[in-house]
């Protein structure tokens with residue numbers, strides 16, 4: 001089988017819009033969300049130029065440099081993940097072996113983010129992606145057919161449509177599968193032969209695709225969503241599992257939210273809103289207290305809502321608040337700008353969650369004298 005794609009690292013020039021240098025996080029682009037290897041191509045190239053450690057076959061960087069790319073170096077490499085270094089070392093070490101990597105955790109723990117950046121750093125290409133849903137078919141994992149050519153010519157290589165997994169095997173790069181447990185169980189099990197034998201049989205052509213060195217697979221999954229299909233024991237044995245936790249401290253979570261909000265603001269071309277660390281910390285505090293069922297001082301027990309109140313949702317609340325402040329406010333982020341978005345994040349079940357939210361407002365928020373503005377805004381939202 002012939003290769004159909006080439007790894008893209010550094011980024012190609014076809015996404016450049018004429019402003020700034022390609023690859024810096026602050027560039028203005030025509031793409032709404034550039035791929036990691038495009039957005040951070042300067043950092044990847046810098047690491048590659050100075051990386052003198054051994055690189056596994058097919059890798060663009062050494063394992064040590066991949067971890068540096070993910071966690072940052074405090075200087076020219078920005079952190080992509082804030083959390084235990086050992087988790088990233090285990091994840092990268094797994095990809096060096098012949099075992100696939102499963103990133104497990106509740107929604108909003110940066111599984112997709114880590115998966116994308118791992119693929120970008122290892123292969124220079126994070127685009128070999130299968131999005132798992134209840135409607136994902138086996139063809140998305142293995143291959144499909146161009147039915148017009150199939151009917152006209154019969155089974156042939158030209159009529160075959162390669163899946164992202166097949167393309168990753170052909171090019172020796174990383175394939176990604178998002179939300180693996182949302183796929184039907186029989187579709188999941190299509191991976192067993194690929195992960196065990198590192199081959200993909202094509203019986204219609206009496207041939208097979210053998211994975212080139214450098215190929216591996218990163219999957220993400222969570223067990224909190226409805227409609228989860230548990231992995232079979234046979235498939236689970238073929239993964240090394242790394243569990244990504246929620247941020248350990250409020251300071252870590254504030255740092256993550258502040259950094260991602262700044263990045264999103266630049267990529268969406270939002271009018272600049274002055275730093276709003278106070279509102280970010282307030283939203284993070286609310287999320288953490290409701291998640292943990294306890295106020296930060298440990299004095300008051302709370303009911304938890306049905307939603308996960310993840311870091312990703314906190315980022316969304318603040319970003320929406322910034323848009324409101326920039327376009328419909330005075331350009332400064334206030335409690336009233338985040339209150340409505342926060343209500344939508346907390347109240348997923350209009351019956352039970354509304355009770356939880358109102359109780360939190362009256363028993364916790366109302367008693368904090370420096371939160372009076374937020375109490376009034378949230379009560380009126």
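The values are calculated or read from the model by the stated rules, or taken from the named source; none is laboratory data. Predicted model only: the values in this text are computed from it and were never measured. Ideal geometry is used to build each Cβ from the backbone, glycine not excepted, and the neighbour counts take in all protein chains shown.
One table, with the values for the structure above:
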quantity	calculated
Residue 312 part of a helix (DSSP H, G or I), under 22 Å from the mean Cα position of the chain (by Cα), within 27 Å of residue 40 (Cβ to Cβ) and without any contact (Cβ under 8 Å) to a residue 24 or more places away in the chain	no
Residue list for segment 25-48, filter: closer than 29 Å to residue 98 by Cβ and more than 21 Å from the chain's Cα centre (by Cα)	45, 47, 48
Flag if residue 212 is in the same structural domain as residue 113 (by TED's automatic domain parsing), surrounded by 14 or more Cβ atoms within 10 Å (Cβ to Cβ) and part of a strand (DSSP E or B)	no
Residue 333 crowded, with 17+ Cβ neighbours inside 10 Å and part of a loop (DSSP other than H, G, I, E, B)	yes
Matching residues, segment 345-364, being free of Cβ contacts under 8 Å to residues at least 24 places away in the same chain and in a helix (DSSP H, G or I)	354, 358, 361, 362
All positions within segment 57-76 that are over 22 Å from residue 169 (Cα atoms) and assigned to a helix (DSSP H, G or I)	64, 65, 67, 68, 69, 70, 71
Number of positions in segment 228-248 that are surrounded by fewer than 14 Cβ atoms within 10 Å (Cβ to Cβ) and either in the same structural domain as residue 320 (by TED's automatic domain parsing) or within 19 Å of residue 91 (Cβ to Cβ) (or both)	5
Subset tally (residues that are under 26 Å from residue 334 (Cβ atoms) and surrounded by fewer than 17 Cβ atoms within 10 Å (Cβ to Cβ)) for segment 281-299	3
Residue under evaluation residue 218, criteria (1) in contact with a helix residue (DSSP H, G or I) (Cβ under 8 Å, 6 or more places away or on another chain); (2) over 19 Å from residue 112 (Cβ atoms); (3) part of a strand (DSSP E or B), criterion not met	(2)
Residues (touching a residue at least 40 places away in the same chain (Cβ under 8 Å) and within 25 Å of the chain's Cα centre (by Cα)) located in segment 319-339	319, 321, 322, 323, 338
Among residues of segment 113-146, those that are in contact with a strand residue (DSSP E or B) (Cβ under 8 Å, 6 or more places away or on another chain) and under 16 Å from residue 180 (Cβ atoms), counted	14
Test set (1) surrounded by fewer than 18 Cβ atoms within 10 Å (Cβ to Cβ); (2) modelled with pLDDT of 95 or more; (3) touching a helix residue (DSSP H, G or I) at 6+ places or on another chain (Cβ under 8 Å); (4) part of a loop (DSSP other than H, G, I, E, B) - residue 54 fails condition number	(3)
Within segment 107-186, helices (runs of 4 or more DSSP H) holding 2 or more residues that are touching a residue at least 40 places away in the same chain (Cβ under 8 Å) and either surrounded by fewer than 18 Cβ atoms within 10 Å (Cβ to Cβ) or under 25 Å from the mean Cα position of the chain (by Cα) (or both)	111-123, 164-171
Tabulated pairs, segment 58-77, first at positive phi, second surrounded by fewer than 19 Cβ atoms within 10 Å (Cβ to Cβ), C-beta under 7 angstrom, 6+ apart or interchain	58/172; 58/212; 58/213; 72/78; 72/79
Residue check, residue 264 closer than 23 Å to residue 115 by Cβ, surrounded by fewer than 16 Cβ atoms within 10 Å (Cβ to Cβ), outside the structural domain of residue 219 (by TED's automatic domain parsing) and modelled with pLDDT under 90	no
